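Rule-based calculations on the coordinates, nothing more; no lab input. Please read all numbers here as calculations on a predicted model, not as lab measurements. Because the Cβ atoms are built from the backbone with ideal geometry, glycine has one as well, and the counts that use them run over all protein chains shown.
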Amino acid sequence: MKKEDRDTLILALMIIVLFAGFVTLINNSITISGNAVAKPNCSLGDVNNDKSIDPKDLAIIEKMLFGEIPKTLCADADGNGQITQADIELLRSRMII
């Protein structure tokens, strides 16, 4: 193997290892540096995947916003790719309490 090819391979492997350090598989979704990036395996807003959106989901999303637990795309109720207070407000407005 040529030195140039070996150096390129080493660099590529280093990038993969660094990237892999930022990726975490949690609750059937992938998060990278706190931002959800994979298609969720749930209804948006149903973060505990119990087939209903209720105050339990709001409590979990609040924990995500405060950094207590990792964010997942299930919490992205408005579908904009970010987990924010707007997601909580949207879910709260849709609930009949």
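Once R0 is set to 30 Å, what does the formula 1/(1 + (r/R0)^6) return for the Cβ-Cβ distance between residue 69 and residue 95, expressed as a FRET efficiency to the nearest 0.05?
Result of the calculation: an efficiency of 0.90.
May I ask for the net charge around residue 78, where only other residues with Cβ less than 15 Å from the Cβ of residue 78 are counted and Lys, Arg are +1 while Asp, Glu are -1?
Once all neighbours under 15 Å are counted, the net charge is -2.
On full extension of the chain, what length is gained from residue 1 through residue 85, given 0.36 nm per residue of separation minus the C-alpha to C-alpha distance?
Extending this stretch completely gives an extra 24.9 nm.
Can you compute the modelled spin-label distance between residue 15 and residue 41, with each label point 7 Å from Cα toward Cβ, in nm?
So the label points at residue 15 and residue 41 sit 2.9 nm apart.
Residue separation times 0.36 nm, minus the C-alpha to C-alpha distance between residue 56 and residue 8: what's the value?
Numbers: separation 48, 0.36 × 48 = 17.28 nm, distance 4.89 nm.
Using 0.36 nm per residue and subtracting the Cα-Cα distance, I get 12.4 nm.
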